[in-house]
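Peer 1: I am attaching a structure below and will ask some questions about it afterwards.
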Amino acid sequence: NLGEVDVHDAIAAAVERLGRTSPARNVTVEVESGLEVVADWARLGQVFDNLLGNADRYAPPGTAIRVEAAPGKRSMVVIRVIDRGPGVRVDQRERIFERFARSEDDVAADAASGTGLGLAIVRGIVEAHAGRVWVEEPRDDGGGRFAFALPSAEQSAVAGEDVHVDVDHQASQPSQRA
C-alpha cells in the first residue's frame, strides 16, 4: 500500500503511540513543512515505533527524544531519531542492524532489552522502500542518533517514477550486507 505519506503526520502518530506506553517521555519533533515520502503508512509506523521504542528504552528518565526530518540528497528525505542514551559503539554500528544482534553492553549486563530483531526489521522495511538506515556519530551531548532516508514523494512525482516494491516480503526478511 505505497502512497504519499506526510512525514509530520507519521511521526505524530508514532509519538502518540509511544505516549500510551511511556507517558512521561517528552518527544520533540522538528519537521520541515510539507515533507512527504513514498511509503506504506503501516510499515513506516513500524519503523518509527521500533526507533522510538529503542530511544525510550535507552535514554535516561527525564530526557527528551528528538525526531528531525529534512530534505536530503538525491531526492531523499532524511529522518533522525536522537536520544541521550549511551549511543552505539563504532564497532557495532553495522552489526546492530543484523537479526538477533544486541549490543555487547546489553549482553554483558544480561539486559532484558529485546530480541535483537527491532533494528533488523527497521532495516528491512527501509530498504524495501528504496531507502537506507544508519547510525550517526553522536554530537557533543552524546546519545544515540539513528537516521534513515526514504524517497521524497515530490521528487518521485516530478520524475514520473512508479515506485513499486514488495514491502511485505522485504520487511519480513531483512537483507544481509556482503
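The values are calculated or read from the model by the stated rules, or taken from the named source; none is laboratory data. This structure is a prediction, so every number in the text was calculated from the model and none was measured. Cβ atoms come from the backbone with ideal geometry, glycine included; neighbour counts cover every protein chain shown. Just the protein is used for accessible areas: all its heavy atoms, side chains included, with ligands, DNA and RNA removed. Shrake-Rupley method; radii C 1.70, N 1.55, O 1.52, S 1.80 Å.
Peer 1: Give the range 1-10 a look and list any residue that's surrounded by 14 or more Cβ atoms within 10 Å (Cβ to Cβ) and either polar (S, T, N, Q) or touching a Leu at 6+ places or on another chain (Cβ under 9 Å) (or both), or say none.
Peer 2: V5, D6, V7, H8, A10
Peer 1: Turning to a different aspect of this structure: How many residues does the range 34-56 hold that are in contact (Cβ under 8 Å) with a residue 40 or more places away in the chain and under 11 Å from V122 (Cα atoms)?
Peer 2: Counting residues in the range 34-56 that are in contact (Cβ under 8 Å) with a residue 40 or more places away in the chain and under 11 Å from V122 (Cα atoms) gives 6.
Peer 1: Give the number of residues within the range 11-24 that are open to solvent by 30 Å² or more (accessible area, probe 1.4 Å) and closer than 20 Å to V126 by Cβ.
Peer 2: Just the residues of the range 11-24 that are open to solvent by 30 Å² or more (accessible area, probe 1.4 Å), to begin with: 12, 15-17, 19-21, 23-24.
Retained after the next criterion (residues that are closer than 20 Å to V126 by Cβ): 12, 15, 17.
Within the range 11-24, residues that are open to solvent by 30 Å² or more (accessible area, probe 1.4 Å) and closer than 20 Å to V126 by Cβ number 3.
Peer 1: Additional query: If a residue has to be among the basic types (K, R), surrounded by 19 or more Cβ atoms within 10 Å (Cβ to Cβ) and at pLDDT below 95 to count, how many in the range 43-61 make the cut? Before you say what the answer is, go through the steps one by one.
Peer 2: Taking the range 43-61 and keeping what is among the basic types (K, R), we get 43, 57.
Checking which are surrounded by 19 or more Cβ atoms within 10 Å (Cβ to Cβ) leaves us with 43.
Next cut, at pLDDT below 95 only: none.
The qualifying residues number 0.
Peer 1: Here's a follow-up. Name the single residue, out of those in the range 1-23 being among the hydrophobic types (A, V, I, L, M, F, W, C), modelled with pLDDT of 95 or more and out of contact with any helix residue (DSSP H, G or I) (no Cβ under 6 Å at 6 or more places or on another chain), that is nearest to A69 (Cα to Cα). Reasoning before the result, please.
Peer 2: As a first pass, look at the range 1-23 and keep what is among the hydrophobic types (A, V, I, L, M, F, W, C): 2, 5, 7, 10-15, 18.
Then drop every residue that is not modelled with pLDDT of 95 or more, which leaves 5, 7, 10-15, 18.
When the remaining residues are screened for being out of contact with any helix residue (DSSP H, G or I) (no Cβ under 6 Å at 6 or more places or on another chain), the result is 7, 11-13, 15.
On the way: V7: 8, I11: 9, A12: 12, A13: 15, V15: 14 Å.
Ranking the candidates gives V7 first.
Peer 1: Another question, then. Which is in contact with a Pro (Cβ under 7 Å, 6 or more places away or on another chain) and within 17 Å of A153 (Cβ to Cβ), of V47, V37, V31, V5? Working first, answer last.
Peer 2: Working: V47 fails: in contact with a Pro (Cβ under 7 Å, 6 or more places away or on another chain); V31 fails: in contact with a Pro (Cβ under 7 Å, 6 or more places away or on another chain); V5 fails: in contact with a Pro (Cβ under 7 Å, 6 or more places away or on another chain).
Answer to the selection: V37.
Peer 1: Further, regarding this structure: In the range 25-42, what count of residues is obtained for those that are surrounded by fewer than 14 Cβ atoms within 10 Å (Cβ to Cβ) and modelled with pLDDT of 95 or more?
Peer 2: So the first thing to find is which residues in the range 25-42 are surrounded by fewer than 14 Cβ atoms within 10 Å (Cβ to Cβ), and the list is 26, 28, 30, 32-34, 42.
Restricting the remaining residues to those that are modelled with pLDDT of 95 or more gives 26, 28, 30, 42.
Final tally of qualifying residues: 4.
Peer 1: Would you please list the contacts, defined by Cβ atoms under 9 Å and residues six or more apart or on different chains, that run from a residue in the range 1-18 that is under 12 Å from L150 (Cα atoms) to a residue that is of a type outside the set (A, V, I, L, M, F, W, C) and in a helix (DSSP H, G or I)?
Peer 2: E4/E154; E4/S156
Peer 1: What is the number of the single condition among (1) assigned to a helix (DSSP H, G or I); (2) under 19 Å from L119 (Cβ atoms) that A39 does not meet?
Peer 2: Among (1) assigned to a helix (DSSP H, G or I); (2) under 19 Å from L119 (Cβ atoms), the lone unmet condition for A39 is (1).
Peer 1: Also: In the range 24-50, which residues are farther than 20 Å from A70 by Cβ and aromatic (F, W, Y)?
Peer 2: Scanning the range 24-50 gives a single hit, W41.
Peer 1: Continuing with this model, one more query. Which ones in the range 42-61 are in contact with a strand residue (DSSP E or B) (Cβ under 7 Å, 6 or more places away or on another chain) and outside any helix (DSSP H, G or I)?
Peer 2: A59
Peer 1: Taking the criterion of being touching a helix residue (DSSP H, G or I) at 6+ places or on another chain (Cβ under 9 Å) and in contact (Cβ under 8 Å) with a residue 60 or more places away in the chain, would at least one residue in the range 62-70 satisfy it?
Peer 2: Scanning the range 62-70 turns up at least one residue that is touching a helix residue (DSSP H, G or I) at 6+ places or on another chain (Cβ under 9 Å) and in contact (Cβ under 8 Å) with a residue 60 or more places away in the chain.
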